[in-house]
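These notes concern the structure reproduced below.
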Amino acid sequence: MQVKLSDKEMPMKSAAKWAAKEIERGAIFLWTVNSQLGGELVDSTSSTTTVVSMVSIRGGGKNFVRIGMVFTPKRYRRCGYASNAVAALCRHALEGKLENHEGIKRIVLLADEENNSSRGIYESIGFVNSHSRHTHIRFIKKA
């Protein structure tokens, strides 16, 4: 099975290794659920949780980070998991809880201009369209 990450496809085994490295370096966060605790944002998993969505930090600069690679498997979509994961990661970033990302004042993400669903989700979390001239919309959330 091939997995598509950005413009590249890679075998599932390679994708799993890549994801493990990104999680280890603190760049990928998982939204997990279990029957007792509900949902939470974590940077690792246990056998008692089910991973239902992921979101990553894809770079940034002075006082800002960029969120990318928001993904939820089809069977878990339309349950609010991605929204919760993005919102929780934003809270962590703005509260100074992200390792190697201190003093965050702004969070940026890109969304496909044609994807009304994701645009609506990001706007409901508090992101504002910056009206860029690209095929992707640049959303900004300020502290």
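Residue by residue, the stretch 102-110 carries 3J(HN,Hα) couplings of 8, x, 5, 10, 8, 10, 10, 8, 10 Hz when phi is fed to the Karplus relation 6.51 cos²θ - 1.76 cosθ + 1.60 (θ = phi - 60°); x denotes Gly or Pro. Database remark: amide H of S53 closer than 5 angstrom to the amide H of W31 (H placed geometrically; neighbours at sequence offset of 5 or more, or on other chains; Pro and chain starts carry no H).
None of the figures in this text is laboratory data; all of them are computed from the coordinates on show. Nothing here was measured: the structure is a model prediction, and the numbers come from that model.
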